[in-house]
Amino acid sequence: MIKDDKNKEQAILEAAEQTFLEKGFEASKTTQIAAKAGVTHAMLHYYYRTKENLFNMVFDKKLQLLKDSLYSLVGEPDVPFLERVEVGMKAHFDFIARNPHLPRFVINELLFKPERLKMLEAVIEKTAKSLIGKIQQEIDREVERGAIRPIGATTLLLDIASLNVFLFAALPVVNRFAIPQGMSEKEFIEMRKQENVEVIMCRLRKQPYPEP
């Protein structure tokens, strides 16, 4: 019985995640989620009480995923800094590529429900300060030995996140207007990953940007 209950709970959570990511909180109906999960509407409310409770579980999970993706930017301490930034940036890009609805989902919910910022702040408070501090120490060491240009850790993370996230947040528009004729979406996304890395590497290294 316990195993069956756990299976039903998980089925509801997975159905809710898919529905919320596709439609957002306001447009999602618990009847739709229950049907997708293969349970009754009453059973959904038995396990999760309200749509708000169910959404908060999904939203918190996605925020934790975003947090974990940032840790990929720290990498292995024995690997040279610039190499770690490149590997970490690609790992972050690939994470967003595996979760392409995530950026729009998080941004939309923060815009329409500003109170959810408290959930985001809690995640940032736990992780961002120590993460940024570690990266800044490494940046300062690299600057001191003349390997890279000076940059704040927060600025670097924002630059990386902006480049990686924007593509997927704007993917419907990108698909329509930006992909060259004859190139597949997959090929375009891979090209953009390499371009994003090159932009950040040129920003960090003491060298000019390449000619277009």
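For residue 206 and residue 166, the FRET efficiency from 1/(1 + (r/R0)^6), where r spans their Cβ atoms and R0 equals 22 Å, is about 0.25. Distance from a point 7 Å along Cα→Cβ of residue 26 to each backbone N in the range 90-118: keep the residues under 20 Å and list them by number. Only 102-118 fall inside the zone, counting backbone N under 20 Å. With the gyration tensor restricted to C-alpha atoms of the chain, the semi-axes of the equivalent ellipsoid amount to 38, 21, 14 Å, longest first. Ranking 107, 189, 200 by Cα position along the charge dipole of the chain, where only Lys, Arg, Asp and Glu carry charges on their C-beta atoms, puts 107 farthest toward the positive end. Against the longest alpha carbon principal axis of the chain, how many degrees, from 0 to 90 and to the nearest 10, is the axis of helix 51-71 turned? In the chain, helix 51-71 runs at an angle near 20 degrees to the longest axis. Would the range 90-143 count as rounded, prolate or oblate if I go by the C-alpha gyration tensor, calling it rounded below 1.5 in a/c and otherwise prolate when a/b exceeds b/c, oblate otherwise? Because a/c hits 1.5 or more and a/b fails to exceed b/c, the range 90-143 counts as oblate. The HN-Hα couplings worked out from phi for the range 149-161 by the Karplus form 6.51 cos²θ - 1.76 cosθ + 1.60 (θ = phi - 60°) are 6, x, 7, x, 4, 4, 4, 4, 5, 5, 4, 5, 4 Hz, whole numbers, x standing for Gly and Pro. The packing ranking, built from the mean of other Cβ atoms within 10 Å per residue, places the peptides 45-57, 106-118 in the order 45-57, 106-118, highest first. Here the alpha carbons of the range 80-202 define both size measures, Rg and Dmax, at 16.4, 46 Å.
Need the C-alpha centroid separation for the range 115-172 versus the range 11-64, integer Å. Answer, in whole Å: 31. Peptides 143-156, 84-97 ranked from most to least packed by the mean count of surrounding Cβ atoms within 10 Å: 84-97, 143-156. What you get for the chain, charging only the Cβ of Lys and Arg (+1) and of Asp and Glu (-1), is a dipole of about 440 debye around the Cα centre. Extending 7 Å from Cα along the Cβ direction at residue 158 and again at residue 57 yields two label points whose distance is 3.6 nm.
Entry note, the chain: the mean residue ellipticity at 222 nm calculated from DSSP H runs of n ≥ 4, each adding -39500 (n - 2.57), is -26000 deg cm²/dmol after division by the residues and rounding to the nearest 500.
The numbers here are math on the coordinates, done by the rules we state, and not lab data. All values reported here derive from a predicted model rather than from experimental measurement. So basically every Cβ, Gly included, is an ideal-geometry build from the backbone, and we count neighbours across all protein chains shown.
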